[in-house]
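See below for the structure under consideration.
The values are calculated or read from the model by the stated rules, or taken from the named source; none is laboratory data. Only a predicted model underlies this, so the values are computations on that prediction, with no experimental measurement involved. Positions of Cβ are backbone-derived with ideal geometry, glycine not excepted, and every protein chain shown enters the neighbour counts. Heavy atoms of the whole protein, side chains included, go into the accessibility calculation; ligands, DNA and RNA do not. Shrake-Rupley method; radii C 1.70, N 1.55, O 1.52, S 1.80 Å.
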Amino acid sequence: MDAGSADGRSIGNPQVSNVATQPALNAVEGYFPTREQYLDLINQLKAEGFEMAVDLCAVDYLSHPGRELPEGITPERFEVVVNLLSLSQRRRCRVRVQVPENDPVITSIFSAYVGVEAMEREAYDMFGVVFTDHPSLSRILMPEDWEGHPLRKDYGIGRVPVQFKEGPGPR
Amino acid sequence: MALEDLSHNFLTGSLEDLVKWARRASMWPASFGLACCAIEMMAAGAADFDLARFGMEVFRNSPRQADLMIVAGRVSQKMAPVLRQVYDQMMEPKWVLAMGVCASSGGMFNNYAIVQGVDQIVPVDVYAPGCPPSPETLMHAILTLHEKVRTGEITRRRDSGAGAALVTPESPWTPEVPTAVRLGTPK
Amino acid sequence: MSDITPTTVRSIEREALLVAETSEGAQEMFRREQTGADELRRELGAVLKVDGRALDPNNIDVERDDDETMIINMGPSHPSTHGVLRIMLELDGETVLRSKPVIGYLHTGMEKTGEELSYVQGGTNVTRMDYLSPVTNELGYSMAVEKLLNIEVPERATWIRMMMSELNRMSSHLVWMATNGMDLGSTSMMIYGLRERELILAFFEKTAGLRLNLNYVRPGGVAADLPDGWQDDVEVICDTIWARTFEYDQLLTGQTIFRQRLEGVAAITAEEAIALSLTGPLLRSTGVPWDLRRTMPYLAYDQVEFDVITGTYGDNFDRYAIRLNEIRESVRIVRQCIEMMPKGDFRTQDPKVTPPPRARIDESMEALIHHFKLFTEGFHVPVGEVYSAIESPRGELGCYIVSDGGPKPYRIHVRAPSFVNLQAIPLLMRGGMMSDTITVISTIDPVMGEVDR
C-alpha cells in the first residue's frame, strides 16, 4: 500500500555526523543538511546507493513559517526538497535544505545527478532560487521576459475577473 | 440565343452563392492542437466520428494551406505570440474555432499563465464549450461554422466581435503590431 | 510602384516584431562560441561524461566550426512534436549534432491553481495534467492526500482504482501506438489506435460521466460505483483489445520499413537512463526491471499476476515493443480485476472526507450541513508533507504535497514523468539523422500538458 515505506534500517551517516536527520518522515528517511553540507551529503547518499534523483522542487514557506524541523535547523523562507531513489535497495529518502530569503542561492547538484537539470531550472523559474554551477540556468516554463516568480506566495495568482458581455437584465 | 436551342441543362444562380458553397464544402483545418482538446480533435478525425464526412479530415500542418484554425486547448502567455504568428500566416479567407472552455474563456485556469480566451489574440468565429468538448460537440461547432460561411457575406466576413477591430475600412490588412502582446505580469 | 513599397516595408517590420515576440532568449540554443562548456556538453548529449571522461571524438565531431553547421527550429507548432514541444537542433547536413528542447508553451499554472483549490476540488486540477492518463494523475494525488490524512481506502475502491488505471494505461498506450504510427507514416495505425481507444472511453463515460478528465478517483475512494453490468463491458474491451494487439503485430512489428526506422535508433544504456532520472518504458527498455507496480507495490498490485516488460537494447524498437506488451499485461490485470473484484464500499466511510449518502440529506439537517461544509470549505488535512509515487504509463508520477493544516494544500508539486524524460532528448538525438528525431520524440512519448503543467 505504502509506496515509499522504509524497511526499518537505520540510516546512519557517519561521515557527515552533524547532518540533522529525521528517520520517520512519513515513513521516508529525511535529511536536513545546511547549505554547506548539501552537496557533500548528496554525494554520500549517491555513494550509499541512491542512484536516481527522482524529484527536486522548492517550497515557499512565507505564510507558514512554523513547521516541524529537527533541532538546530533554522526555518527559512524557501526550502529545496530533493527526493532520491535507490533502485537496488528499493527505498527512498528526502533531503530538505533551507534557503534564506535574502540570499536565495544554493549549490546545484548537477555534478552528482545530471537528471536534475530541468528540475533545477523549474525551481529557479518558479521560485527564483539560484543554483550555482548549473550549466545554463534560465527560465524553463515562463516566457523569457516574464517578471517575477509565479509560485512564490507573495505573487498573486493573477486571476482576471470574469466579464460578462451583457448583463442579464431586469427579471 | 433562345433557351430551346441549348442541348444541355443548366442552372442559374449568383456567383456569391457558388463561392460560399465551395468554401463551406472544402474547408481545411490547420492542426493546432495544444492540450486535452487536441486528443478529442484527433478522435473526431479518426474512424468512429469521421470528420471526412464533412470534407475536413485533412489536417494541414502548414498554415498556408489551411482555412480554419481549431484552437484546441489552453493558450499560455508563452504560446500566444506563436498562435498569432500562425494565424497571420494563414491565407484569407480564414476562420477560427475556439475549442473547449480554456480556449474560449480561460476555463478553470483563471491564473497568470493562461490567456483568458483566445479571442483576445485572434478573432473567433465559433466557440465550442466543454472540457474537453466531445467529438460530437466539435462536429456541431464545425457545422455551425459551415452554416455561418454558407449564409454570411463573402467580402466582409466579420461585422461584430473581436474581428471587427482588426479589419476596419482604414486598415484593410491586419495591424502591424500583433495584438498578441504579452498581457503583462499580474500583480 | 511607390504605393507598394510602404506595405512591403511594413510587413517586414511586422515580421521582425513577430520574431521578437516569439523569441525566448536564453532558453534557446545558440552558436557554440556563445554557449558555456557545461551547457554545450549537455546539448551534445554528453552530460554523463562530465566526471572526467572525454567524449568519443570518433562518434561525432565535437570540435566543429560554427560555419559548417546550421541551427534549425522545430515547433512549437509542428505536426510531429506531440503538442507544443519546441526543439532546436544543430545540424551538419542531415546529422543532428546538438539538440535542446524548449518547453513551457503549455504552462498552465496548475501548481498555483492547486493551492487555491480545496482537497476535494484538487482532482479536477491534476486530472488535466496528463490528459492521456487522467486516472493515474488523480490516483497519485489522492494517494498523497490519503497518506496525509492517514485513512484507509476500502478494498473495493482499491480494486476499482486499479482496474481503471490499467484501462487508462491501455488507452494511453493505444494513443501512443496511433501517434507513433502516424509519425512513421502508418496512417492506418492512427485510425486503429484511436478506434480501440473509443471502447475504453465509452466505458469511462459510462462510469464517470466524461471521456477525458474524469475526476473519478478522489481522496477516500472513487466518485461512483461501477455501473451495472460493468463486467460484460470490460470483458468486451479486454477481448477486443487482446485480439487487436496481434493485428498490430501483423501490421507493424514484422514490417520491414517500420523495423528499419526503429531498430538500433537512439539507443541508451541503463547507466545513462538512471543518471538522467528516466523512468517508465524508457528506463525499462534498457533492461532495468523497474516498475513501481512491482518494485514498490501500491493498491493491490502485489495480489495480481503480471509481467514487467523489459527491453535489451534501449532503442526505439524496444520502447515500442514494451508499450505494445504492456497493453497485453494490462489486459491480464484487468481480467484478474473482474474475477477478484471484492464487494463493499466504493469510498471510505470516514465522515471526515466522505459526504453523507444522498438519501440522508433529504431527511437530516445535520447531514445537509455536513455535505455543504464538505463541498464548500472542504476537509482539513493534518500538517505535514508527503511524497507519493505511482507508475503512470510514462513513468514515475510523484505528488509532493505540503499541508499547513488547512482545507487547501499549501504547496502541491507533481513530479511529471514526461518532464524528466524529455531531458533524454539531446542524448537520444545525438548523431542521429534528421528523420530519427521524429521517432525519438515519439518514443519518449511526452504529454505536454504534464511537461509544462
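Below is a table of values for the structure above.
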quantity	calculated
FRET E, pair A:SER138, B:ARG64, Förster distance 41 Å, beta-carbon r, rounded to 0.05	0.80
Cross-link reach list, lysines versus C:LYS373, counting only Cα pairs under 23 Å and skipping chain neighbours closer than eight places	C:LYS147, C:LYS352, C:LYS408
The stretch C:231-266 and the stretch A:78-134: distance between their alpha carbon centers, rounded to Å	40
Order by protection proxy (mean Cβ within 10 Å, highest first), peptides C:325-331, C:119-125	C:119-125, C:325-331
Scattering profile of the protein assembly as shown at q = 0.09 Å⁻¹ [log10 I(q)/I(0), Debye over alpha-carbon scatterers]	-0.88
Karplus-derived 3J(HN,Hα), 6.51/-1.76/1.60, for each residue of the stretch C:251-263, Hz, glycine and proline x	6, 10, 4, x, 7, 5, 4, 4, 5, 5, 6, 10, 5
Convex hull of Cα atoms in the stretch A:20-104, direction-averaged projection (nm²)	5.6
Shape parameters for the stretch C:110-452, alpha-carbon atoms, Rg then Dmax in Å	20.5, 71
Accessible area per residue, Å², chain C with all protein chains present, probe 1.4 Å	35
Relative contact order, percent, the stretch C:262-357 [alpha-carbon distance under 8 Å, six or more residues apart]	29
Exposure of A:SER88 as accessible area (Å², to 10), given a probe of 1.4 Å and all protein chains	80
C:ARG411 long-range amide H proximity, modeled H, under 5 Å	C:VAL402
Chains A and C, summed buried accessible surface - 1.4 Å probe, Å², nearest 100	4800
Cα-centre dipole for chain C with unit charges at Cβ (Lys and Arg positive, Asp and Glu negative), debye to 20	760
Normalised contact order of the stretch C:110-452, rounded percent, pairs of Cα under 8 Å and 6 or more residues apart	26
Expected 222 nm ellipticity per residue - DSSP helices of 4 or more, -39500 (n - 2.57), all of chain C, to 500	-14500 deg cm²/dmol
Sulfur and carbon atoms: percent of accessible area, the stretch C:239-310 [1.4 Å]	49
Inter-chain Cβ neighbour average for residues C:169-178, partner chain, 10 Å	1
Nearest-20 debye value, the protein assembly as shown charge dipole, Cβ charges on Lys, Arg, Asp, Glu	1180
Spatially proximal lysines relative to B:LYS20 (Cα-Cα < 22 Å; intrachain offsets below 8 disregarded)	B:LYS94, B:LYS148
Shielding by partners - mean other protein chain Cβ count within 10 Å, residues of B:82-92	3
Relative contact order, percent, the stretch A:20-104 [alpha-carbon distance under 8 Å, six or more residues apart]	34
Gap separating the Cα centres of the stretch C:69-104 and the stretch C:163-182, nearest whole Å	26
Neighbourhood charge, 12 Å Cβ-Cβ cut-off, centred on A:GLU101 and excluding it, Lys, Arg +1 and Asp, Glu -1	-2
Listed residues C:LEU117, C:SER99, C:PRO407: farthest to the positive end of the dipole of chain C (Cβ charges)	C:PRO407
Shielding by partners, peptide A:70-76 (average Cβ within 10 angstrom, other chains)	0
Computed over the stretch B:27-155, Kirkwood Rh from alpha-carbon pairs, angstrom	14.4
Per residue value of the accessible surface for the stretch B:1-139 (all protein chains in place, 1.4 Å probe), Å²	39
